[in-house]
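The values are calculated or read from the model by the stated rules, or taken from the named source; none is laboratory data. If you're wondering where the values come from, they're calculated on a predicted model, not measured in any experiment. Cβ coordinates were reconstructed from backbone atoms using ideal geometry, including for glycine residues, and neighbour counts include every protein chain displayed.
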Amino acid sequence: MTTFESIIIAIVEGLTEYLPISSTGHMIIAERLMNVPADNFTKLFTVAIQLGAILSVVVLYWKKFIDVKSWQFYAKLIVAVLPALILGKLFSDKIDALLESPLTVSVTMLAGGIVLLFIDNVFKQHTITEEKEISFGKAFIIGLWQCVAMIPGVSRSAASIIGGMQQKLTRSLAAEFSFFLAVPTMAAATGYSLFLKDWNQNGVDTKGYELILSSSDYTQAFIIGNIAAFVVAMLAIKFFIGFLQKHGFRLFGWYRIVMGILLLILIATGYLK
């Protein structure tokens, strides 16, 4: 992976991580279109690049995250992230295998788009307007919804926002809680990939951080990529909240449908393998 390729992938991550259009799906497609080698570093980079996007939420909502008196906020995030931690650990290898499948991404992109066309009409009753009104039970259910996004192309953002709306959160609050929930969820996934997971490098089991440090090119790609993802994600978050309040999900639904159909055509013609 070159520095240029890492920047492109990072921009894609920053733009799509908090929009309901699947960041992982877009990164997989970007990697395939640029013919980035599907090696272990690329797989690691696809996960570890989330670090920059995580920091963008913490910086934008820093007052929320440093309010140590609001222990229930942290407790809700812990409760909500538990399903993803458990299922992510159990199905880690299967998830890695799906990361190599553009067909999976195209199908879930298309199906998710159809869902987004109607989701505003399905969940019309919004009675919860503030984070403090979210119960632990509702937080846990939102966390279960988030687990659907372990399938590449589904979108963690879309799944958790829909889960929030199903639990009667307003669209904007559901989006914000999705951002908050992204921090422990993505931090856990990134931490696991960097410090716990073994990556086979030339026949030797290597931790993720060791793989990154094994090459100056890898280290440079990791650092520059996360900086780019951080900046772009901050801009995307600000845009998304305002757009969602005014227009809802339909435009994102149509975008996913068009992308899904386009990807299926590229796969059928052999351009995308």
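A few notes on this one:
- Exclusive hit being in contact with a helix residue (DSSP H, G or I) (Cβ under 9 Å, 6 or more places away or on another chain) and closer than 18 Å to A111 by Cβ, set L251, L235, L244: L251
- Qualifying residue in region 132-140 (condition: under 17 Å from the mean Cα position of the chain (by Cα), small (G, A, S) and either closer than 26 Å to F249 by Cβ or in a helix (DSSP H, G or I) (or both)): no
- Residues within region 62-78 that are within 18 Å of I161 (Cα to Cα), touching a Phe, Trp or Tyr at 6+ places or on another chain (Cβ under 9 Å) and either surrounded by fewer than 17 Cβ atoms within 10 Å (Cβ to Cβ) or not aliphatic (A, V, I, L, M) (or both), tallied: 2
- In region 25-41 there is no residue matching the filter, namely being among the polar types (S, T, N, Q), part of a helix (DSSP H, G or I) and crowded, with 20+ Cβ neighbours inside 10 Å.
- With respect to being at pLDDT 85 or above, among the hydroxyl-bearing types (S, T, Y) and under 20 Å from M27 (Cα atoms), T206 falls outside the description.
- Test result for G88, in a helix (DSSP H, G or I) and modelled with pLDDT of 90 or more: no
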